[in-house]
Amino acid sequence: MFLYRRALMHDVNDRGTKKWTAMMIPEHEALLRQMWSEQEYKEKPVLDEQQKEEINERLQTAVNNNLTVEVKHYNGRDFLTNKGKVTKINQEQLWLGNDTVIKLANMLDVYVD
């Protein structure tokens, strides 16, 4: 009896909004999907001056020695990693060899190969 009640409670709680999506209009389903995806957004961490200086030094080493870098950056909702050789860098952006442009303000870490 206890196992049956526990299984029944799990089933009722597990169905949640899935149970009601069949009766919703498409606009409501789209809003629910958007709400669920926004809950998965990650916040951009704030780097201190020492971390920024370390990133700068690694980038200079990579540019001077023509090394491949792996750049971890924030894209507005999640963390991404791109790998390549630095082809160009200015005060605002970094260009990798595979035509990837990354804003320096969004860079979180740099790994030199």
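The values are calculated or read from the model by the stated rules, or taken from the named source; none is laboratory data. These numbers were taken from a predicted model, which means no experiment stands behind them. Cβ sites come from the backbone with ideal geometry, for glycine too, and all protein chains shown count toward neighbours.
Can you confirm whether LYS72 is surrounded by 12 or more Cβ atoms within 10 Å (Cβ to Cβ) and under 14 Å from LEU108 (Cβ atoms)? Spell out the reasoning first.
On the way: surrounded by 12 or more Cβ atoms within 10 Å (Cβ to Cβ): yes; under 14 Å from LEU108 (Cβ atoms): yes.
Answer is yes for this residue.
Restricting attention to segment 22-38, does a residue exist that is within 15 Å of the chain's Cα centre (by Cα) and at pLDDT below 80? Step through it out loud before you land on a result.
Of the residues in segment 22-38, the ones within 15 Å of the chain's Cα centre (by Cα) are 37-38.
Those still in the list that are at pLDDT below 80 too: 37-38.
Scanning segment 22-38, I find at least one residue that is within 15 Å of the chain's Cα centre (by Cα) and at pLDDT below 80, so the answer is yes.
Picking from residues in segment 41-68 that are touching an Asp or Glu at 6+ places or on another chain (Cβ under 8 Å) and farther than 24 Å from ASP113 by Cα, the one that is modelled with the lowest pLDDT is TYR41.
Across segment 42-55, what is the number of residues that are under 12 Å from ASP109 (Cβ atoms) and either aliphatic (A, V, I, L, M) or in a helix (DSSP H, G or I) (or both)?
Applying the first criterion (under 12 Å from ASP109 (Cβ atoms)) to segment 42-55 yields 45, 47, 51-52, 54-55.
From what is left, the residues that are either aliphatic (A, V, I, L, M) or in a helix (DSSP H, G or I) (or both) are 47, 51-52, 54-55.
Result for segment 42-55: 5.
Restricting the search to strands (runs of 3 or more DSSP E) fully inside segment 61-113 and requiring at least 3 residues that are aliphatic (A, V, I, L, M) gives 79-89, 107-112. Mind checking which residues of segment 87-103 are hydrophobic (A, V, I, L, M, F, W, C) and either surrounded by fewer than 13 Cβ atoms within 10 Å (Cβ to Cβ) or modelled with pLDDT under 90 (or both)? Once the filter is applied, which keeps residues that are hydrophobic (A, V, I, L, M, F, W, C) and either surrounded by fewer than 13 Cβ atoms within 10 Å (Cβ to Cβ) or modelled with pLDDT under 90 (or both), segment 87-103 yields ILE89, VAL101.
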